[in-house]
Amino acid sequence: MTGKKQWIKPTIVPLRSGLLNKFGSQEAPWIDAIDEVPIPQLLEQYGSPLFVVSERRLRRNIQRLKRAFSARYPSVIFGWSYKTNYLGAVCNTFHQEGSWAEVVSEFEYQKARSLGVPGHNILFNGPFKRPGILRLAVSEGAHIHVDHLDELYELEQIAQQLKTPIEVTLRLNFDTGYTETWSRFGFNVESGQALDAAWRIASSEHLNLTGLHSHIGTFVLEPRAYANQVRTMCEFMHEVESLTNCHITYLDIGGGFASMNSLQGIYLPAEQMVPSEEQYAEAVCDVLLELTHDRETRGFKRPTLILETGRALVDDAEHLISTVVANKRLPDGRRAVVVDAGVNILFTAFWYNHKVMPTRILPGKPEDTTIYGPLCMNIDVVRNSVMLPPLSIGDNLVYSPVGAYNHTQWMQFIEYRPNVVMIDENRNVSVIREAENLEVVTAQERLPAHLSAAYPQGAPEDILSERSSDSNN
Amino acid sequence: MQDESGSVLPSSQSLHRLAISESGFIFDPTSGHHFTVNETGLDILRHLQTAHSPAELVALLQREYSASEKEIERDVLEFAAMLRKFIGD
Ligand SMILES: Cc1ncc(COP(=O)(O)O)c(C=O)c1O
């Protein structure tokens, strides 16, 4: 109408020699829809911030990983690692794809059962299984992965009480040469501790050793770590089988495959760092096939291979959409924006540099920007440094991948947790976890009678405001 | 917004010594530093040759841009602070 120009926030950016091109022309990539559902539509209906899960991507991920392993080894089972993301809709998507449940606590066990997973499809890990739940899990046929000697004695007692022998799996730890040894979990192989435990099981009339488990770490970028893991586990399997006369039916190699995310401190893009599912599968299955091929001649089947892959299956199936609420200049000149989603809901911002994308092409020169969340806490930094063009209040930023460990480690801190929606394969959107409100957050609280009112004698006068002193005069 | 005092905007001496290209490339011969400004920033620098107070500057910008006085003022305040930081008062 007036032919006036659109106002874009003015920026001035210092140039360091050698970086001229980088500053001059970098255009931020952008994303305006998730699984073809427009982001503005999602926000209008479900508010901001908003987590968006893609069912299509979840199914594709598990199908691809399964194919990579099943094409290389005859018997493979996936156990969905609940702690990675235990939203019911996510778990049941994996269960519908044939995954079992991998749980590590009373809560996770009960959740799997309540979703309809029978005990015999549950792998029960963890250093602390409450006595009641351990007993129940045993009686329901769950597969118990023993973490320490005390648990072994507890299981023996349960077996005596139930008057039925229990099949147990030993969790092992050992050096793969590539990963940090998680020696606090399970029994150590190198020191002979694991073999001692196997002997103890063999000497019990109530326990049978039928499985071996180990989990070598998380975000493991080196497939050879898995080759070494499988080698150690196979050697141990042969050793205990010949020494204690047991029969191992499965080897569970845990989780740990990296997702397409960028760990802080690693500067190469995830696409260059993260091995493909094919590379992991090859590393595992080549060794496994080689070291189990003579089992049939000894009258044993090849052990079933179990994987408890977590983050690599779920991380890239979820985005978090946030909204810019303020622009700031820090005293050192750097630009900062405040968004409505912080580390309270994006817990993994502590160790990942998530990909951040606007939802439209933003005009203007990218500038080094810090993204702060809404919390009144210094730690609430979503990205320390990311090149972004100027942003206006109300602009949206989308973080990915965010599917792993955020819904399990997030905290109700200062803010309510927002809606989580899932887009199904027909592009229908459903809320899979409703946003919290005052009622939800205070539901578990109880006020003792004498604390039921804030000011039983009437509220103190507002002596700070002009208004009240006027009215007093 | 402060007028007259000149403490919001950089001094005209500081501004005059800058070499400003049409593409928004700026060179400060005193410090030897280079900067780049976007189109809006470039317009502000251009107007600073004639505007002597923030209010004047905002009024000039309002004639060219379709944005509220408040929005322009807010962003000019922040931009002026950056200018003072990078090229001096
Ligand atoms: C025993 C066990 N299995 C599986 C996983 C899943 O690991 P990831 O998400 O790295 O695949 C974990 C994670 O810590 C674990 O402790």
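The values are calculated or read from the model by the stated rules, or taken from the named source; none is laboratory data. Because the structure is predicted, anything quoted here is derived from the model rather than measured. Neighbour counts are summed over all protein chains in view; Cβ atoms, including those assigned to glycine, are modelled from backbone coordinates with ideal geometry. Accessible surface is based on the protein model in full, side chains and every heavy atom, while ligands, DNA and RNA are left aside. Shrake-Rupley method; radii C 1.70, N 1.55, O 1.52, S 1.80 Å.
In a simple Cβ point-charge model (Lys, Arg +1; Asp, Glu -1; nothing else charged), region A:58-217 has a dipole of about 860 debye relative to its Cα centre.
Think of each Lys and Arg Cβ as +1 and each Asp and Glu Cβ as -1; about the Cα centre, that makes the dipole of chain A roughly 1140 debye. Over region B:1-68, Cα pairs under 8 Å with separation of 6+ residues give a relative contact order of 31 percent. Contact residues in region B:64-89 by the 30 Å² criterion (accessible area, 1.4 Å probe, full protein complex versus chain alone): B:Glu64, B:Tyr65, B:Ser66, B:Arg74, B:Asp75, B:Glu78, B:Phe79, B:Met82, B:Lys85, B:Phe86.
The residues of the protein assembly as shown expose on average 47 square angstrom of accessible surface per residue, using a 1.4 Å probe on protein heavy atoms. Computed over the alpha-carbon pairs of region A:329-473, the distance histogram in 5 Å steps reads 2, 7, 12, 15, 14, 11, 11, 8, 8, 7, 4, 1, 0, 0 percent, short to long. Alpha-carbon geometry of region B:4-87: the Rg and the Dmax are 12.3, 36 Å, given in that order.
Of the cross-linked pairs A:Lys66/A:Lys129; A:Lys5/B:Lys70; A:Lys111/A:Lys301; A:Lys328/A:Lys355, those separated by over 25 Å at the C-alpha level are A:Lys66/A:Lys129; A:Lys111/A:Lys301. Across peptide B:23-34, the average count of Cβ atoms from other chains found within 10 Å of a residue's Cβ is 2.
Rounded to the nearest angstrom and ordered from largest down, what semi-axes does the equivalent ellipsoid of the protein assembly as shown get from its C-alpha gyration tensor (root of 5λ)?
Values: eigenvalues 669, 179, 83 Å².
Semi-axis lengths for the protein assembly as shown are 58, 30, 20 Å.
Pop the C-beta distance of A:Glu461 and A:Ser430 into the FRET formula with R0 = 60 Å and round what comes out to the nearest 0.05. Please list the in-between numbers first.
Details: r = 50 Å, r/R0 = 0.83.
Approximately 0.75, to the nearest 0.05.
Of B:Glu22, B:Glu69, B:Glu56, the residue with the greatest mean-square motion in the GNM of chain B, using alpha carbon springs below 10 Å, is B:Glu22. Built from the Cα atoms of region A:126-307, the convex hull projects on average onto 11.3 nm², one quarter of its surface area. Under the convention that each Lys and Arg Cβ holds +1 and each Asp and Glu Cβ holds -1, the size of the dipole of region A:122-189 around its Cα centre is about 200 debye. Taken across both chains, chains A and B shield about 2400 Å² of accessible surface from a 1.4 Å probe.
Within the protein assembly as shown, what whole-number % of the accessible surface is contributed by carbon and sulfur, with the 1.4 Å probe and all protein chains included in the calculation?
Details: 13450 of 26660 Å².
Ligands and nucleic acids excluded, carbon and sulfur reach 50 percent.
Quick one: what does P(r) look like for region A:28-137 with 5 Å bins over all Cα pairs, in whole %? Bins of 5 Å from zero give 2, 10, 18, 16, 15, 13, 11, 8, 5, 2, 0 percent of pairs.
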